[in-house]
Amino acid sequence: MDRLFLLIGALSAGISVAAGAFGAHALRERVEPRLLEVFETGARYQMYHALALFAVAWVVSRAPSTVGTAAGWLFLAGTLLFSGSLYAMTFTGIRALGAITPLGGVCFIAGWVCLALASRQG
């Protein structure tokens, strides 16, 4: 499981860098400044949680646990819901997609709690 989270984290970090570059260069002239900020927030949080997946991989490699594994899946779900909804809102202009974003935030918080618990088990 540790290698899977390492792989997902690496891919997510790469996507985050690409998204950041895309936002800085291709979107700057195409979307309103507020939506560009929204997009950049999605990319930033995706990177934070890609790095968190590296931490999960390390913790799970040292002491495999259900709660450690849950942290990884919660970080992935949070990235898809939080960053994904912000990316989608930027591209579509549908502000109602912002209602999904807090669900991703809850996944992130739960993931951090699980990671803390898993680190105490090792």
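None of the figures in this text is laboratory data; all of them are computed from the coordinates on show. It should be emphasised that the depicted structure is a prediction, and the values quoted were computed from it without experimental measurement. Neighbour counts are summed over all protein chains in view; Cβ atoms, including those assigned to glycine, are modelled from backbone coordinates with ideal geometry.
The table that follows gives values for the structure above.
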read-out: Qualifying residue in segment 56-65 (condition: closer than 13 Å to S16 by Cβ, touching a helix residue (DSSP H, G or I) at 6+ places or on another chain (Cβ under 9 Å) and among the basic types (K, R)); value: no
read-out: Unmet criterion (only one of (1) out of contact with any helix residue (DSSP H, G or I) (no Cβ under 6 Å at 6 or more places or on another chain); (2) closer than 17 Å to L7 by Cα; (3) not small (G, A, S)) for V113; value: (2)
read-out: Residue within segment 57-74 that is of a type in the set (A, V, I, L, M), within 26 Å of L117 (Cα to Cα) and within 14 Å of the chain's Cα centre (by Cα) present; value: yes
read-out: Selection count, segment 93-121, where residues are part of a helix (DSSP H, G or I) and either crowded, with 16+ Cβ neighbours inside 10 Å or hydrophobic (A, V, I, L, M, F, W, C) (or both); value: 20
read-out: Residue among L115, L80, L53 that alone is of a type in the set (A, V, I, L, M), free of Cβ contacts under 8 Å to residues at least 40 places away in the same chain and closer than 19 Å to I8 by Cα; value: L80
read-out: Yes/no for T90 being touching a Phe, Trp or Tyr at 6+ places or on another chain (Cβ under 6 Å) and over 16 Å from V17 (Cβ atoms); value: yes
read-out: Tally of residues being under 13 Å from C107 (Cα atoms) and of a type in the set (D, E, K, R) across segment 61-91; value: 0
